Protein chains: 2
Amino acid sequence: MSKNILVFGGSGALGAEIVNFFTTKGWSTVAIDFRANTVANKSIVITNSGETEMVRVATELNATKFDSIICAAGGWTGGSITSEDYFKSVQKMLDMNLSSAIGTAYLSGKLLSPGGLVVFTGANSALVPTPGMIGYGVSKVATHQIVKSLAQADSGLPANSLSIGILPVILDTPSNRAGMPDSNFDNWTPVSDVASKLFEWSSDSTTRPANGSLVTIETKNKATTFTLV
Amino acid sequence: MSKNILVFGGSGALGAEIVNFFTTKGWSTVAIDFRANTVANKSIVITNSGETEMVRVATELNATKFDSIICAAGGWTGGSITSEDYFKSVQKMLDMNLSSAIGTAYLSGKLLSPGGLVVFTGANSALVPTPGMIGYGVSKVATHQIVKSLAQADSGLPANSLSIGILPVILDTPSNRAGMPDSNFDNWTPVSDVASKLFEWSSDSTTRPANGSLVTIETKNKATTFTLV
């Protein structure tokens, strides 16, 4: 029987790559996003990450248990306390980054298999103060707190499951290229490198970091390293 | 000329005590909250901490610069990922704790005097994982991130200002007593101890912790200690 993966944000640059990678490897894939993913074995389109939609998703997937659940949703926007769009930038980051992590945490409590893996996307840049991007910073430290909280014995995850945060420095995505076209892309992390590492952790439990780990992902001259914070 | 303090959440148990304390000491006090504070020299009633209301407050106070701005707003509710009210508990904590901190940060950028002090209320319990209170934990680590971010040189605060977080273990308030009536209140922190310390920091800059500090507040046998994290 094939293994199952659920990818929250499965139609974004990172999420779609994860769906592609695991599908190619013979896993059964479920993508959840605002728009459909035609590669996934099952694609559920949602309008937001709030309670009603998450309960609907959990109900629709009720018969399925997942070996891996990945939150690949999110985005970036800047904004300091003196920025014209400060409040909007904070709300946008809470909606894009925190709400998806909160939703994924809920689904993990309902749908993760014992011994399963749940991975959230944090941010290396939120390990330090973030005065120029208050909303991004708070949404990502909040995500890191979710990772560490779900790693506790009484978190509500099934027995022997693992909660991990991946903290990219910067991913090589179309939207990041559009925003920073003059960067050296050799120092950006290909989403395939992330998908490959997630596949390794998902397939072979002996390769997994400790429960609650935050793992920085950094690429230099096309070489990607994964480092425990 | 008297010094000025703005207390966000100035009608709550902690905020009202701060207003009382500073008013008694001859400071000019402004309270901002959902209901009026009749002790404060000026009381501004708001309906929420969102952009429209915060811009209105900043406009109304435009002629005033504050020596101290304190965010004393907030509350507590539990909820793990498997709790019946998980999503509601998260939203409640974001609304009560994070939104008030985001609003206070904005007002600090507009209204704090050079050399002034802005203080946010974090939580000692959010220094570790919070599986039984996900919403509270994420809202408070987010608040800690705001404290540290505003301490950076390019944060948008005026020159020589100071951003500090106070992290109570538990405050002795009517709502906490109602929730935990059988506790030993000798180990709860009187809000007057907090107000007194804030007054010390506000009045004498030599007593202040370093910029960006998180300060745990713990009481044992009626003795309260303030400890840098």
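A short reminder: the numbers here are calculations on the coordinates, not readings from a lab. Since the structure is predicted, the reported quantities are computational estimates derived from the model, not experimental observations. Here the Cβ is made from the backbone with ideal geometry for all residues, glycine too, and neighbour counts use every protein chain on show.
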Taking chain B as the reference, fit the longest principal axis to its C-alpha atoms, fit the long axis of helix B:134-150 to the helix C-alpha atoms, and give the angle between the two in degrees, 0 to 90, nearest 10. 30
If you add up the charges near A:Lys197, with Lys and Arg at +1 and Asp and Glu at -1, over every other residue whose beta carbon is less than 15 angstrom from its beta carbon, what do you get? -4
Ignoring solvent entirely, what values of log10 I(q)/I(0) come out of the Debye formula for the protein assembly as shown at 0.08, 0.10, 0.14 Å⁻¹ when each Cα is a single scatterer? -0.48, -0.73, -1.24
Which percent, to the nearest 5, of DSSP beta bridges fully inside the protein assembly as shown are antiparallel? 15
Put one equal scatterer on each alpha carbon of region B:92-157, apply the Debye formula with no solvent term, and list log10 I(q)/I(0) at q = 0.13, 0.20, 0.22 1/Å to two decimals. -0.37, -0.77, -0.88
Measuring from a point 7 Å out along Cα→Cβ, what nm distances, shortest first, does A:Gly26 have to its partners in the other copies? 8.2
When every alpha-carbon pair in region A:47-178 is counted, what percent end up more than 20 Å apart? 48
Assuming a ≥ b ≥ c are the square roots of the Cα gyration tensor eigenvalues, decide whether region A:1-119 counts as rounded (a/c under 1.5), prolate (otherwise, with a/b larger than b/c) or oblate. prolate
A:Ala63 to A:Glu200: FRET efficiency via 1/(1 + (r/R0)^6), r the Cβ-Cβ distance, R0 45 Å, to the nearest 0.05? 0.95
Calculate the translational D of region A:113-222 in whole µm² s⁻¹ from Stokes-Einstein, where the hydrodynamic radius comes from the Kirkwood formula applied to all Cα pairs, the temperature is 10 °C and the viscosity 1.306 mPa s. 106
Based on the Cβ-Cβ distance from A:Leu127 to B:Ser2, what FRET efficiency comes out when R0 is 56 Å, to the nearest 0.05? 0.85
Order of B:Met96, A:Met180, B:Met133 - criterion: other Cβ atoms within 10 Å of each residue's Cβ, fewest first: A:Met180, B:Met96, B:Met133
Between 0 and 90 degrees, rounded to the nearest ten: what's the tilt of helix B:51-60 against the longest Cα principal axis of chain B? 30
Working from Cα positions, state the angle (0 to 90°, nearest 10) between the long axis of helix B:191-203 and the longest principal axis of chain B. 30
Value at 222 nm in deg cm²/dmol, rounded to 500, when DSSP H runs of n ≥ 4 in chain B each add -39,500 (n - 2.57): -10500 deg cm²/dmol
Inter-copy distances for A:Asn160, nm, shortest first, label points 7 Å along Cα→Cβ, are 6.3
Cα-based convex hull volume of chain B per residue, rounded to whole Å³: 123
So what is log10(I(q)/I(0)) for region A:155-218 at q = 0.15, 0.16, 0.25, 0.26 1/Å, when the Debye sum runs over its Cα atoms only? -0.58, -0.63, -1.08, -1.13
Would you kindly compute the Cα radius of gyration of region A:55-111 and its largest Cα-Cα separation (Dmax), both in Å? 15.2, 49
Would you pull out the residues with amide H under 5 Å of A:Leu162's amide H, same chain only if 5 or more places away, H placed 1.01 Å from N? A:Gly116, A:Leu117, A:Val118
